[in-house]
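What follows is one structure encoded as structure tokens, with my remarks underneath.
Laboratory data are not the source of any read-out in this text; all were calculated from the coordinates shown. All of these numbers come straight from a predicted model, not from anything done at the bench. Using ideal geometry, Cβ is built from the backbone for each residue, glycine included, and neighbour counts are taken over all protein chains shown.
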Amino acid sequence: MVAEGPGVAVAEPKAPASSLSAEIQIDLYRQMVRIRRFEEKSAQAFMRAEIKGFCHLYIGQEAVAVGALAALEPRDAVITAYRDHGIALARGTPARACMAELLGKKTGCSRGMGGSMHLFHRANHFYGGHAIVGAHTALAAGLAFAQQYENTGGITLCFLGEGAVNQGVFAETLNLVSLWKLPIVFLIENNDYAMGTSVSRSSAGLPLVNRASAFDLAGRTANGMDVEDVRKKVAEAVSLARTEHLPTLLEVSTYRYRGHSMSDPDTYRTKQEIEEWKKRDPILLYREKLEERQVLLDALAKQIDGEARAEAQDALTFAEESPEPDLDLAFSLLFSPEDQIDPILRPRYSDI
């Protein structure tokens with residue numbers, strides 16, 4: 001309370017109340033913390049050479065995945081590019097399965113055959129994890145077409161980076177989803193840098209959401225450092241896709257606090273820029289907001305953080321102790337069993 005005038009006490013201003021229940025607000029916070037701690041543990045594993053190849057961390061962008069996926073139903077499909085750890089976790093892929101895949105182990109969600117950039121979890125309708133920039137947007141259209149053709153009532157949410165919007169396949173895909181009125185939402189995670197190139201140096205016609213008007217799509221924007229704003233805007237777009245078969249292009253402004261990948265020296269932006277963005281850390285901002293609303297107490301926040309750290313360590317230990325994939329597994333994933341091969345084609349496979 002603060003005093004205002006003799007004998008008058010006025011309450012300090014609080015964060016606006018949310019239409020979301022306290023349980024949902026706390027869960028949104030918990031999911032962001034889980035992703036942050038998992039990614040920090042992944043960075044440590046990479047530095048010890050336990051993770052081979054590329055590793056693209058989601059640190060700073062947690063509010064995008066958590067807010068967006070909170071607006072979906074289990075029947076909906078999700079697909080993304082190679083910065084996929086946080087999205088997989090938010091969609092419900094177990095942390096153990098994610099970490100085991102990062103380490104290339106048989107217990108991974110892609111059986112150790114995909115690695116960091118190719119996480120899949122079909123049970124949750126999570127279809128990757130794709131390394132070719134922009135190519136997965138066409139696959140997303142295929143998922144949405146199947147949903148429409150089979151009348152499942154589901155929609156497809158496709159994440160992509162701002163660097164993918166200039167790929168030719170994306171323009172072709174926007175054209176088709178508009179013509180066919182597919183139930184799909186394209187979410188551009190605009191973290192301002194396509195690898196090391198600022199979006200202002202690589203893309204004309206900013207903001208990127210302007211691309212929607214060229215193809216008669218709904219265009220929306222969201223603050224990717226505010227998990228509730230992302231949830232709200234994605235929910236609106238999902239409703240348009242599900243009830244009106246109107247595709248949406250949603251541009252979400254966010255920021256990554258690490259380099260493009262773990263091998264990125266990150267010399268194309270200043271430390272001052274990064275520090276300014278860290279003042280808008282989505283986890284810290286949401287914690288402050290929930291504390292002001294008296295939804296999240298300090299003891300619960302510490303408990304959530306401790307649980308997230310323990311889960312990340314458990315996932316890494318599980319992955320380290322898991323077996324490597326064997327050649328038989330690689331063979332079975334590449335080729336159909338002989339009894340499922342067309343008799344006409346079978347002779348061609350007889351020497352394999």
Pairs beyond 27 Å (Cα-Cα), from K233/K271; K52/K279; K181/K232; K52/K232; K105/K278; K41/K271 | K233/K271; K52/K279; K52/K232; K105/K278
Highest GNM mean-square fluctuation among G92, G161, G115, for the chain with Cα springs under 10 Å, belongs to G92
What is the spin-label model distance, in nm, from Q313 to E276 if the labels are put 7 Å beyond Cα along the C-beta direction?
-> 3.8
Between L297 and S213, 0.36 nm times their residue separation minus their Cα-Cα distance comes to what?
-> 25.8 nm
How high is the relative contact order of the chain, in percent, with contacts defined as C-alpha pairs under 8 Å that are six or more residues apart?
-> 22
Would you mind calculating the gained length between D229 and D27 on full extension (0.36 nm times residue separation, minus the Cα-Cα distance), in nm to one decimal?
-> 71.2 nm
Within the chain, percent of DSSP bridges classed antiparallel, to nearest 5 = 20
Could you give the longest part of the chain that holds none of the chymotrypsin sites (Phe, Trp or Tyr not before Pro) found in DSSP loops with at most 14 neighbouring Cβ atoms within 10 Å?
-> 1-267
Given labels modelled 7 Å from the Cα in the Cβ direction, how far is it in nm from M113 to L334?
-> 1.0
Positive-pole candidate from Q147, F170, H130, dipole of the chain, charges at beta carbon | F170
What dipole magnitude, in Debye to the nearest 20, does the chain give about its Cα centre under +1 on Lys/Arg Cβ and -1 on Asp/Glu Cβ?
-> 260
Each label sits 7 Å from Cα toward the beta-carbon; between T243 and S202 the label points are separated, in nm, by 3.7
